[in-house]
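Presented below is the structure to which this report refers.
Bear in mind that the values in this text are calculations on the coordinates, not laboratory data. What you are looking at is a predicted structure, and each value in this text was computed from that prediction instead of being measured. Cβ: placed from backbone, ideal geometry, glycine included. Neighbour counts: every protein chain shown.
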Amino acid sequence: MSETLEVGGLTFIVRRSARRKTLGLTVDRGGESVIHCPESATADALACWARPKLLWVQGKRALKEQLAPPMREPEYVSGENFRYLGCNYRLTLLARQDEALRFEGQRFLMRKDATANGMAHFRRWYIDHGRPWIVERADWLSPRIGLAPAGVRLGDLGFRWGSCGKDQVLWFNWKSLQLPVRLIDYVIVHELAHLAEPNHSPAFWSVLERAMPDWQDRQETLRTQAQGLYWCHPGMRS
Ligand SMILES: [Zn+2]
């Protein structure tokens, strides 16, 4: 769960700390801009402080983007592999078919004229097919934390695999459905642990450790696998 702040069209993550006396701004590896501030800082004060720094932030982001490996994009051609829950399925293009994209046994079938909007069709497919799956999976994993979310949703989360809202609703990036089940489980248990501990505090990591003793190994594998997936930003995080 992170607090965010919109300033001049840019989204900042706000990290509050009781120990902090001054305001600080960093742009991390994934290109995310983070404002570090004392517990009591108001959103207005933060926006006023951040506004003159927008140009600097944009410059930093552009540099990080240039250094980061590019995001993989499929070409939407016959024979190309697409992953769902860690398994590969081939794409076949057809001249005629009612739906833009459908899944048939072992392959994806896409109508040729739908390739221009290929990502939108796959996004729809992953959300429609992945939603019941991830709801059931979260339901199965939640006893490990002992807390159940108010809801489980799939959506666009930018640099994040998942997030936990203040309303106790868990959101998962539809792109995470490309991952093997073992790694999606890590993403799910990580967000479930945020129901108990909102921030990445030592208490959070010990909740996670109890629920999933090999979480570090999974987190490491997740980091290395993200670059091989389509549509994923390098530096995706939970
Ligand atoms: Zn987290």
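Out of all DSSP beta bridges with both ends in the chain, state the antiparallel percent to the nearest 5.
The answer is about 55 percent antiparallel.
With a bin width of 10 angstrom, please list the P(r) values of the stretch 18-107 as percents of all Cα-Cα pairs, from the 0 bin to the one holding the largest distance.
Over the stretch 18-107, the share of Cα pairs per 10 Å bin runs 12, 27, 16, 16, 19, 9, 0 percent.
To the nearest 20 debye, what charge dipole does the stretch 81-228 have about its Cα centre, counting +1 at the Cβ of each Lys and Arg and -1 at the Cβ of each Asp and Glu?
Using only the charged Cβ atoms, the result is roughly 520 debye.
How do VAL187, VAL27, VAL181 rank when sorted from fewest to most other Cβ atoms within 10 Å of their own Cβ?
Least to most surrounded, the residues fall as VAL181, VAL27, VAL187.
Placing +1 on the Cβ of each Lys and Arg and -1 on the Cβ of each Asp and Glu in the chain, which of PRO149, HIS36, GLY59 has its Cα farthest towards the positive end of the resulting dipole?
With unit charges placed on the Cβ atoms, the residue in question is GLY59.
So how do SER201, SER2 line up by other beta-carbon neighbours within 10 Å, fewest first?
Going from sparsest to densest Cβ surroundings: SER201, SER2.
Between GLN216 and ASP128, what is the spin-label point distance in nm, taking each point 7 Å from the Cα along the Cα→C-beta axis?
With each label placed 7 Å out from Cα toward Cβ, I get 4.3 nm.
Can you list which of the trypsin sites (Lys or Arg not before Pro) found in the stretch 1-91 are DSSP loop residues with at most 13 other C-beta atoms within 10 Å?
The qualifying sites are ARG19, LYS21, ARG29.
Percent relative contact order of the chain, based on C-alpha pairs within less than 8 angstrom and at least six residues apart?
Worked out over the chain, it gives 18 percent.
Can you sort MET212, MET71 by how many other beta carbons sit within 10 Å, fewest first?
MET71, MET212
Tell me the relative contact order for the stretch 3-67 as a rounded percent, counting alpha carbon contacts under 8 Å between residues six or more apart.
31 percent
When the scattering of the stretch 3-67 is computed by the Debye formula from its Cα atoms alone, each counted once and equally, what is log10 I(q)/I(0) at q = 0.27 Å⁻¹?
The computed values of log10 I(q)/I(0) come out as -1.22.
At 37 °C and 0.692 mPa s, what whole-number value in µm²/s does Stokes-Einstein give for the translational diffusion of the chain, with Rh from the Kirkwood sum over Cα pairs?
Estimated via Stokes-Einstein, D reaches 168 µm²/s.
Identify all lysines with a Cα-Cα distance to LYS53 below 26 Å; exclude those on the same chain that are fewer than 8 residues away in sequence.
Partners found: LYS21, LYS64.
What fraction of the DSSP beta bridges in the stretch 3-67 is antiparallel, stated in percent and rounded to the nearest 5?
Roughly 60 percent of the beta bridges in the stretch 3-67 run antiparallel, per DSSP.
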